[in-house]
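The values are calculated or read from the model by the stated rules, or taken from the named source; none is laboratory data. In this text the structure is predicted, and so the values were computed from the model without any measurement. All Cβ positions, even for glycine, are placed from backbone atoms using ideal geometry, and neighbour counts span all protein chains on display.
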């Protein structure tokens, strides 16, 4: 299993800036964003886990017909590290961290990242827009135990900082690696740019 790669979709956030709405349930191409990104990940043929908080039944419902492995994160409210820690638990191979709120990430982009991982299995691979790092991020198998022991509210930033010499950026089209939409205004502007 050392050469195995799993996609971990982080969907434990509170959507606190959406003023009552849930950004992961915003509809894109007639499906909730959470279902869309799960489908994009599953289309690679790789195993997919989704880290979910216990108190978001609508997110669970959005994945009801999806063959992802749902991981419940009781302490999701403490920050991204809790979701990463729970989602990576027990995994022996490499892990791709994919935030669920990235509406422009496609299967083809994920496949491109996977191809880079196959070519450079010992590197930390990070999706980028030009030279600006974003997501997804692939951690090689030897660093996954560090993911399984994360704490705090900085996600995997401490691991990235400690192993900066192993980081390799993978340019993705446009702003896809950086586009996450946190407010109703963000969503409205993004939809307007798409001509919706």
Exercise. Search the range 114-146 for residues being in contact with a strand residue (DSSP E or B) (Cβ under 6 Å, 6 or more places away or on another chain) and assigned to a helix (DSSP H, G or I), and hand back the single one that is nearest to residue 175 (Cα to Cα).
Key: 116
Quiz item: Of all residues in the range 6-49 being assigned to a loop (DSSP other than H, G, I, E, B), under 30 Å from residue 92 (Cβ atoms) and touching a residue at least 60 places away in the same chain (Cβ under 8 Å), which is nearest to the chain's Cα centre (by Cα)?
Solution: 11
Quiz item: What are the residues in the range 140-157 that are loosely packed, with under 13 Cβ neighbours inside 10 Å and without any contact (Cβ under 8 Å) to a residue 12 or more places away in the chain, if any?
Solution: 145
Self-check item: Filter pass, residue 163 being in contact (Cβ under 8 Å) with a residue 24 or more places away in the chain, surrounded by 14 or more Cβ atoms within 10 Å (Cβ to Cβ), under 30 Å from residue 21 (Cβ atoms) and touching a strand residue (DSSP E or B) at 6+ places or on another chain (Cβ under 7 Å)
Solution: no
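Matching residues to (1) in contact with a strand residue (DSSP E or B) (Cβ under 6 Å, 6 or more places away or on another chain); (2) over 21 Å from residue 186 (Cβ atoms):
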position: 5; (1), (2): yes, yes
position: 23; (1), (2): no, no
position: 27; (1), (2): no, no
position: 66; (1), (2): no, yes
Quiz item: When only residues in the range 71-92 that are surrounded by fewer than 16 Cβ atoms within 10 Å (Cβ to Cβ) and touching a residue at least 60 places away in the same chain (Cβ under 8 Å) count, which is farthest from residue 187 (Cα to Cα)?
Solution: 92
Practice problem: Filter the range 41-70 down to residues that are buried (at least 20 other Cβ atoms within 10 Å of the Cβ) and farther than 10 Å from residue 9 by Cβ and give me whichever is modelled with the lowest pLDDT. | Solution: 56
Self-check item: Single residue of the range 56-110 satisfying the filter (within 13 Å of the chain's Cα centre (by Cα) and part of a loop (DSSP other than H, G, I, E, B)) that is farthest from residue 154 (Cα to Cα)
Solution: 106
Practice problem: Output the number of residues of the range 109-138 satisfying the condition of being surrounded by fewer than 17 Cβ atoms within 10 Å (Cβ to Cβ) and under 23 Å from residue 70 (Cα atoms). | Solution: 1
Exercise. Output the qualifying pairs, or none if there are none: Cβ atoms under 9 angstrom, residues six or more apart or on different chains, first residue in the range 166-184 and on the phi > 0 side of the Ramachandran plot and at pLDDT 90 or above, second residue buried (at least 16 other Cβ atoms within 10 Å of the Cβ) and not in a strand (DSSP E or B).
Key: 174/104
